[in-house]
Amino acid sequence: MPDTIPIITKLEKSALNKIEEVSNERLNLTKCEQCRSCLPCPNEVPIPEILRLRNISVGYGQLEFAKERYNLIGKAGHWWEEKNSSFCQECNKCVPKCPSKLDIPNLLKETHNLLIENPTKRLWG
Ligand code: SF4
Ligand code: SF4
């Protein structure tokens, strides 16, 4: 049986490590580790998914991709999230649950301001 596992060369591995390093520098102490300990939010804000888009836009510089995904929240049926950061009521219930000690309400607000677009656009239709 042929080996289907892609082999990563040393060069590719070092490039990936460099990308990760730059991303961590950019995010500094604000990286969401996607552990999901902050859930559930009483207002059903999908904190890890929104902060993942922040990781991608701030850390990896993928702003357009993150904007597209963020602006599809609430418009893509069951395959994507229903609520964006604007549903956060700043109750702070999530904050003590975060092992990374992130200021979640402020990061959500910052992500919303960074990614929200008007008028909204769709990938199809
Ligand atoms: S601060 Fe916002 S995100 Fe955190 S639990 Fe309260 S409503 Fe949810
Ligand atoms: S608990 Fe903190 S690090 Fe973990 S997913 Fe929630 S915001 Fe991210």
Looking at this structure, is H112 at pLDDT below 95 and more than 10 Å from ligand 1 (Cβ to nearest atom)? no
Let me confirm something: among V95, V58, which residue is within 13 Å of ligand 1 (Cβ to nearest atom) and farther than 14 Å from I116 by Cβ? V95
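In the set K109, K67, which member is more than 16 Å from ligand 2 (Cβ to nearest atom) and under 14 Å from the mean Cα position of the chain (by Cα)?
Numbers: K109 fails: more than 16 Å from ligand 2 (Cβ to nearest atom).
None of the other options fit; the residue is K67.
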Taking region 98-109, which residues are of a type in the set (K, R) and within 10 Å of ligand 1 (Cβ to nearest atom)? K109
Out of region 92-119, which residues are touching a residue at least 24 places away in the same chain (Cβ under 8 Å), more than 10 Å from C38 (Cα to Cα), in a helix (DSSP H, G or I) and not charged (D, E, K, R)? L107, L108, T111, H112, L114, L115
With the structure loaded, tell me whether L29 is without any contact (Cβ under 8 Å) to a residue 12 or more places away in the chain, in a helix (DSSP H, G or I), surrounded by fewer than 13 Cβ atoms within 10 Å (Cβ to Cβ) and not β-branched (V, I, T) or whether it fails that test. no
Anything in region 54-72 that is of a type in the set (G, A, S) and over 22 Å from P105 (Cβ atoms)? List them, or say none. G61
Being among the aliphatic types (A, V, I, L, M), part of a loop (DSSP other than H, G, I, E, B) and away from ligand 1 (no atom under 16 Å from the Cβ): is that true of I7 here? yes
Provide a single number: the residues in region 61-91 that are in a helix (DSSP H, G or I) and surrounded by 18 or more Cβ atoms within 10 Å (Cβ to Cβ). 4
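Filter region 61-92 down to the residues that are aromatic (F, W, Y), within 16 Å of ligand 1 (Cβ to nearest atom) and more than 14 Å from L115 (Cβ to Cβ) and list them by number. Working first, answer last.
At the first step, the residues of region 61-92 found to be aromatic (F, W, Y) are 65, 70, 79-80, 87.
If we keep only those that are within 16 Å of ligand 1 (Cβ to nearest atom) as well, we get 70, 87.
Scanning region 61-92 gives a single hit, F87.
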Over region 54-77, the set of residues more than 25 Å from K18 (Cβ to Cβ) and among the polar types (S, T, N, Q) is N71
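Inspect all residues belonging to region 43-60 and state whether any of them is at positive phi, at pLDDT 95 or above and either more than 11 Å from ligand 2 (Cβ to nearest atom) or surrounded by 14 or more Cβ atoms within 10 Å (Cβ to Cβ) (or both). Talk me through it step by step, then tell me what you get.
At the first step, the residues of region 43-60 found to be at positive phi are 44.
Keeping just the survivors that are at pLDDT 95 or above gives 44.
Subset that is either more than 11 Å from ligand 2 (Cβ to nearest atom) or surrounded by 14 or more Cβ atoms within 10 Å (Cβ to Cβ) (or both): 44.
Yes.
The values are calculated or read from the model by the stated rules, or taken from the named source; none is laboratory data. Given the structure is predicted, the values throughout are model-derived calculations rather than measurements. Here the Cβ is made from the backbone with ideal geometry for all residues, glycine too, and neighbour counts use every protein chain on show.
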